[in-house]
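Below is one structure; the comments refer to it alone.
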Amino acid sequence: MKTIRISDAIALVLAGLPLSALAQSADSPQPAAPASSADELGEITVTGYRASLRDALAIKRESTGVVEAISAKDIGVLPDVTIAESLARLPGLNTVRDRGNDSQAAIRGLGPRMVLGLINGREMASSEPDRNVRWEIFPSEIVSGVQVYKSSQADLVSGGISGTVDIQTLRPLGYEGPKLTFRAGPSYYDGGTELPEQDQVGYRASGAYVAKFTENVGLVIAASLQKQPNGYENVMGGGWNNAAPGAVDPSGPAVQNPWGASIEEKGIESTRSSLSTSLQWRAGDVFEGRVDALASKVNISEHDFGGWYSDWGNWAGDGDSGNFTNNVVENGSLVASDMTFNSTYNSYSARYKQDMNLFATGLNGKWTLEDWTLVADLAYSQAERYGIWQAVRMNANVGPMSFDYTGELPKVWAETDPYTAATQDQMFPATGQADVSHLRDTMSTANFDVQRNLEGGFISAIKFGARYSDRSKEDSEPATAVTATPLTPATPVDSDLLKPWDYKSFTMPTMVSGNFSELATSLYGASGLDLLNYDYKHTPFVSEVQEKVTEAYLMANYATKLGSMPFDGNFGIRFLDVDQTSTGPSNGVDVSVSNTYSKVLPSFNARLELGEGQFLKFGLSRALSRPPLNDLRVDRSFSTNPPPAPVTGGGGNPYLEPYYADQLDVAYEKYFRQDGLFAVAGFYKRIHNYVGFDTRDISIEGETRPVSFTSPFNSTDTGTLEGVEFSYQTPFFFIPHMENFGIYSNLALTNSDIHENSPIDNPFPMNGVAKQTAILDLWYAGAKLDARLGFKYHSPYTILFTWSSSGLAAVKAETMLDYSMAFRLNDHVNFRFQAANLLDTPLRLYENNNVSQIARNDVYGRHYLLDVTFKY
């Protein structure tokens, strides 16, 4: 019989909590903690953000493997707007920003291609060309928790070498909060304040209704709507080319020159809407059923004004060094120069539309009979994306130019800026175009798990199961659908249709813009109308990758003691068989190519309880990630020149084998309070079959000669990835009057000897590997107020910034600062304020693994959110 102290009961009553909470607290194991009454009272009444930290630690502690967790039992308790922002703050995780939003995740230095995304334990379809998940599609209000599995075990769905992210949506029977929650408020984005036709004020609204019709039947409906007008400015390098020795300096070596520079502003309006629902019911202690569904829609509308300066680079390597003066060379690259020759400005007024839809649903049943548990799950998901980019083009001669890439942000000068050229009737029309894309991903899964609990022996439970999935990814390939020819190419563009605009963040010439529709009809006539009115939602598919996966596993849980120390864990094996078929054009002829493979994935996990809240965890496993679906496409083209000309070509590779890794995990975790943790986790992975772009001689059906083919290939070498992660979080209970303040921090150090295949002379490190990633959050959690000031730093790392797997770039080091605050006016009304990217940190990319060769600079600006929450 457990002892309940009167002081604890009084504290609960004063806090307005039921006495049952004390009994539940007594039933669960608690780590050692100082015995002051003030601390006990704080432990009982803790709510909000601090409670979510505590709940996440409880999940981490109870796991026999290495797991990170996010807990949000109370709707809206997370200080982030989307789950992507929450994931970015976990140890060893990075998220790449897209249009200013945290998006896809890398875990432990392995990029998004090797992260498996699940929703309620189910693999889901993706509107990306590969398998990646855009985590920003999940608003925080529809999520009850997230678990990130860094170590592997046999009962986990295969597919995540770097880790598995499982998002859990709200479940009504386990929810204890208010029935109705509604949140709404305005947002403000200052990145586009100087851009033409760009708003700054948006909004965000969400609501959730939880109904428990009886103790055994419940329903939850949650929805969100967001309008985000986050316009931004960017300057992109125009690529780099090799100049011959003496081209820049008469006595100097070969120097790489920029081909030009791309100048662009993007006025963006994104709308996101989602609807999540779950119906849950029980039949006594024998059966529990759940059917849930999630629908998410994202619509992006951009107006793009910009263009590119060309003719800078010494293309043939035989230029006159007198063309470049006042030169600055860094890392073998020309990073500043006054160029004496004429440059061309190629202007465009464009618009881009992208519509993304996701629907995911599933039916889950759980039967419990004495020591047996059976779980059956059926799921279906479909993701679809439509896109169109339409551009009106113009060009002008702007004379000699200068550039300086040595500072924090690039600078460009022109003798004649584009707007001056336009007003002097020197801006002429060029061919316009519309590029379209269409992608659809459809997935069905069936999963069965059986567990038999055992008593009295070393083995505490036996678990086995099977899974089948059928997936089809169809793609249209981005292609030019319409070209528009100028009516009178020798006649200047009417300057009355153009207006000037200037960058806020960059030193650049005055640019020109214009109404897209007016320019299209004025410059192109009837073909301009075709450009304007093209129906992009009926773009046909040209390729398809089908993938059928059959899996089975057997796992045993064990529990014993080593001396007086509890020792438990699991060991098992997972079998995997994959049958994939790629259909598409190969040199204009439709072909179908099949490939099959099977793998065996063993695993072993152990947890030793050292006492006083200390645990030692150990894992040894083999994990697998299937190749990116867009790399598996059969789409191929190659030359047909007669001998002795070589045969060359490029395209997808339907014969790719999966990545797999032999991995070791070791972790020490000390829980010195319910919300206090110090942990050190080390990992080592030996990775096989890494996929990267290369050029190799291969045989292709219908071609008698070897083809020098550029495509994704499996690496013939193995490589390693190793690292260590430190975590420390605690309230400042050891400082008088500071017990409501605390710290959440982590540091990840990662290294790998794996490099991408291109460029050959200076290859990028493996996609996703940041040698240092650090988080430092300072928080306050009081009876009425929650606040957090969050710092994040990461060192440079490689990413795929385009939809092509060959589009490699590196993200420069970034330091981010965010702030969030929530104020509880009473039990029914809360206020929240967020300020993100307070340092106005730009996204900066560079090419060719050379920090001096800029690829992209996006200045997203700061954004703010203020909303109010009503709970009933």
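A few notes on this one:
- Failed item, numbered, when Leu363 is tested on (1) among the aliphatic types (A, V, I, L, M); (2) touching a Gly at 6+ places or on another chain (Cβ under 9 Å); (3) open to solvent by less than 40 Å² (accessible area, probe 1.4 Å): (3)
- Qualifying residue in segment 320-338 (condition: modelled with pLDDT of 95 or more, of a type in the set (A, V, I, L, M, F, W, C) and buried (at least 17 other Cβ atoms within 10 Å of the Cβ)): no
- One residue from Asp338, Asp425 being among the acidic types (Asp, Glu) and in a strand (DSSP E or B): Asp338
- Looking across segment 494-509, just one residue is part of a loop (DSSP other than H, G, I, E, B) and among the polar types (S, T, N, Q), and that is Ser505.
- Top-ranked residue in segment 645-684 [being charged (D, E, K, R) and in a strand (DSSP E or B); ranked as farthest from the chain's Cα centre (by Cα)]: Arg673
- Val512 modelled with pLDDT of 90 or more and part of a strand (DSSP E or B): no
- One residue stands out in segment 685-701 among those that are over 18 Å from Asn751 (Cβ atoms) and outside any strand (DSSP E or B): the one that is modelled with the lowest pLDDT, namely Glu701.
- Count of residues meeting criterion [under 20 Å from the mean Cα position of the chain (by Cα) and either more than 12 Å from Glu408 (Cα to Cα) or open to solvent by less than 20 Å² (accessible area, probe 1.4 Å) (or both)] in segment 841-854: 5
- For Ile161, the criteria (1) in contact with a helix residue (DSSP H, G or I) (Cβ under 8 Å, 6 or more places away or on another chain); (2) crowded, with 22+ Cβ neighbours inside 10 Å; (3) within 19 Å of Asp102 (Cβ to Cβ) hold in every case but one, which is (3).
- Test: residue in segment 447-461 that is touching a Leu at 6+ places or on another chain (Cβ under 7 Å) and open to solvent by less than 20 Å² (accessible area, probe 1.4 Å): yes
- Within segment 495-516, the set of residues being in contact (Cβ under 8 Å) with a residue 12 or more places away in the chain, open to solvent by 80 Å² or more (accessible area, probe 1.4 Å) and more than 36 Å from the chain's Cα centre (by Cα) comprises just one member, Lys499.
- Across segment 768-803, the number of residues qualifying as small (Gly, Ala, Ser) and within 16 Å of the chain's Cα centre (by Cα) comes to 2.
- Filtered residue count, segment 542-560, keeping only those that are among the hydroxyl-bearing types (Ser, Thr, Tyr) and within 17 Å of Val600 (Cα to Cα): 2
- Subset of segment 618-669 that is without any contact (Cβ under 8 Å) to a residue 40 or more places away in the chain and not hydroxyl-bearing (Ser, Thr, Tyr) - its residue that is most open to solvent (accessible area, probe 1.4 Å): Pro644
- When segment 804-836 is filtered for residues that are buried (at least 19 other Cβ atoms within 10 Å of the Cβ), over 17 Å from the mean Cα position of the chain (by Cα) and not basic (Lys, Arg), the ones remaining, listed by number, are Asp818, Ser820, Ala822, Asn830, Gln834, Ala836.
- Top-ranked residue of segment 544-565 - restricted to ones that are surrounded by fewer than 18 Cβ atoms within 10 Å (Cβ to Cβ) and of a type in the set (Val, Ile, Thr), ranked as farthest from Asn595 (Cα to Cα): Thr560
- Ala606 fulfils the conditions (1) closer than 30 Å to Asp694 by Cβ; (2) touching a residue at least 24 places away in the same chain (Cβ under 8 Å) except for a single criterion, (1).
- Residue in segment 195-222 that is modelled with the lowest pLDDT, counting only those that are under 23 Å from Val859 (Cβ atoms) and among the aliphatic types (A, V, I, L, M): Leu195
Matching residues to (1) acidic (Asp, Glu); (2) under 30 Å from Gly652 (Cα atoms); (3) modelled with pLDDT of 95 or more:
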position: Ser402; (1), (2), (3): no, no, no
position: Tyr419; (1), (2), (3): no, no, no
position: Gln426; (1), (2), (3): no, no, no
position: Gly432; (1), (2), (3): no, yes, no
position: Ser444; (1), (2), (3): no, yes, yes
position: Phe464; (1), (2), (3): no, no, yes
position: Arg471; (1), (2), (3): no, yes, yes
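- Residue match in segment 527-535 (condition: among the aromatic types (Phe, Trp, Tyr), outside any strand (DSSP E or B) and within 30 Å of Val634 (Cα to Cα)): yes
- Within segment 110-128, being open to solvent by 10 Å² or more (accessible area, probe 1.4 Å) and at pLDDT below 85 holds for Pro112, Arg113.
- Selection of segment 252-285 for residues being crowded, with 17+ Cβ neighbours inside 10 Å, of a type in the set (A, V, I, L, M) and either in contact with a helix residue (DSSP H, G or I) (Cβ under 6 Å, 6 or more places away or on another chain) or not in a strand (DSSP E or B) (or both) yields only Val255.
- Residue within segment 505-518 that is in contact with a strand residue (DSSP E or B) (Cβ under 6 Å, 6 or more places away or on another chain) and closer than 24 Å to Asp355 by Cα present: yes
- Residue check, Tyr597 aromatic (Phe, Trp, Tyr), under 27 Å from Asp441 (Cα atoms), surrounded by 21 or more Cβ atoms within 10 Å (Cβ to Cβ) and touching a residue at least 12 places away in the same chain (Cβ under 8 Å): no
- Gly457 small (Gly, Ala, Ser) and part of a strand (DSSP E or B): no
- Subset of segment 517-543 (residues that are in contact with a Lys or Arg (Cβ under 8 Å, 6 or more places away or on another chain), modelled with pLDDT of 90 or more and open to solvent by less than 50 Å² (accessible area, probe 1.4 Å)): Ser543
- Screening Thr704 with (1) at pLDDT 90 or above; (2) assigned to a loop (DSSP other than H, G, I, E, B); (3) under 17 Å from Ser586 (Cα atoms) gives one miss only, at (1).
- As a summary of the residue check, Gly289 satisfies the conditions (1) buried (at least 17 other Cβ atoms within 10 Å of the Cβ); (2) in a strand (DSSP E or B) except for the one numbered (1).
- Only one entry of Glu194, Glu215 meets the criterion of being farther than 21 Å from Asn299 by Cβ, open to solvent by 70 Å² or more (accessible area, probe 1.4 Å) and within 31 Å of the chain's Cα centre (by Cα), and that entry is Glu194.
The values are calculated or read from the model by the stated rules, or taken from the named source; none is laboratory data. Since we're looking at a predicted model, the values are computed, not measured. Glycine gets a Cβ as well: all are built from the backbone with ideal geometry, and neighbour counts include every protein chain shown. SASA here: full protein model, heavy atoms, side chains in, ligands and nucleic acids out. Shrake-Rupley method; radii C 1.70, N 1.55, O 1.52, S 1.80 Å.
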